[in-house]
Amino acid sequence: MRVRLIAMDLDGTLTDSNKKISAHTVETLTRAAHNGATLALASGRPLIGIQPVAETLHLRELGGCIMAYNGGQIVDCATGEDIYRKNFPAEYVREAIGWAKRENLAILSYDHEGIVTEGPVDRYVLHESRNNAVPIRVVESLPEYLDYPFVKMLICGEPSHLLRLKDQMAEAFTGRLDIYLAEPVFLEVMPLGINKAAGLKRLMEHLGVQPDEVVACGDAYNDLPMMRQAYASVAV
């Protein structure tokens, strides 16, 4: 097969336990890019949390892409322009936040600097902050603060709690939002139709790439749809 697109999850896949990319990986992917493959970073992370990885891989020079927020925002690294973006529907912001509050769980989103939340700033919120190497801003009212276009919200908590909540919210928001687990401690609250598979398909269409020219790599629940979309997939 001729590989024209390599889509890669970050945490637990491309990066090691210290959130770093090995020199060998950089060298291998650079060689793949020079051989005609577009490198795409596909992550639930916000754009601000992916850009340092893109810089490590020199994606601006190599012409790679970023699929941030599980494909909710797709960026051409060479130009810095959006290929695609779908914002969170403003009419569901308070309702989604209300679910988290009733369960006494932290819910967060992102601005241009980092994480924004009403709290509590528990170990899961701190984990998300470390994952992205961004600060946490605690605001008095998250619904009022989120008066700008944003893509996703994230509910944090114990796996058993989030697993139950996922089913309840998915039913309540059927046809309005997509609700799914990224990691056992992170519940993604997304605009309808946003997931890594849909994002990969949009990028493939933009690049004119066929499924049998795609390799996808991942390690978590939200990677599975993307991996099924590709001709060849690698589970780390």
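The values are calculated or read from the model by the stated rules, or taken from the named source; none is laboratory data. Just so you know, these numbers come straight off a predicted model, no measurement behind them. Positions of Cβ are generated from backbone atoms using ideal geometry, with glycine treated the same way; all protein chains shown enter the neighbour counts. Protein only, heavy atoms only, side chains kept; ligands, DNA and RNA dropped before computing areas. Shrake-Rupley method; radii C 1.70, N 1.55, O 1.52, S 1.80 Å.
To the nearest ten degrees, helix 196-207 and the longest principal axis of the Cα atoms of the chain are 40 degrees apart. What does the C-alpha gyration tensor say about the overall shape of segment 79-128? Classify as rounded when a/c is under 1.5, otherwise prolate if a/b is larger than b/c, or oblate. Oblate shape, in that a/c is at least 1.5 and b/c is the bigger or equal ratio.
Working from Cα pairs under 8 Å separated by at least six residues, relative contact order for the chain is 21 percent. Accessible surface area normalised per residue over the chain is 46 Å², counting heavy atoms of protein chains with a 1.4 Å rolling probe.
A cut-off under 12 angstrom between Cβ atoms defines the neighbours of Met8, and their net charge, with Lys, Arg +1 and Asp, Glu -1, is -3. Is there a pair in Lys20/Lys86; Lys20/Lys201; Lys166/Lys196; Lys20/Lys152; Lys86/Lys196 whose C-alpha atoms are over 23 Å apart, and which pairs would that be? Violating the 23 Å limit, Cα to Cα: Lys20/Lys86; Lys20/Lys201; Lys20/Lys152. The angle between the Cα long axis of helix 123-132 and the longest principal axis of the Cα atoms of the chain comes to about 30 degrees, rounded to the nearest 10. For the listed peptides 225-231, 134-140, a ranking on the average number of other beta carbons within 10 Å per residue, highest first, reads 225-231, 134-140.
Every helix of 4 or more DSSP H residues in the chain counts as -39500 (n - 2.57), and over all residues that averages to -10000 deg cm²/dmol at 222 nm. Remark: relative contact order (segment 156-210) = 28 percent; criterion is Cα-Cα distance under 8 angstrom and separation of 6 or more residues. Taking every DSSP beta bridge that has both ends in the chain, the antiparallel portion is near 55%. Taking packing as the residue-averaged number of other Cβ atoms within 10 angstrom, the listed peptides 147-159, 171-183 run from highest to lowest as 147-159, 171-183.
May I ask for the distance between the Cα centers of segment 66-136 and segment 1-54, given as a whole number of Å? If we compute the Cα centre of each part, the gap is 21 Å. Its Cα centre serving as origin, the chain has a Cβ charge dipole (Lys and Arg +1, Asp and Glu -1) of approximately 380 debye. Share of carbon and sulfur in the accessible area of segment 17-169 stands at 49%, probe radius 1.4 Å. Less than 20 Å from a label point 7 Å out along the Cα-to-Cβ axis of Thr56: which backbone N atoms in segment 145-185 qualify, by residue? Those under the cut-off are 183.
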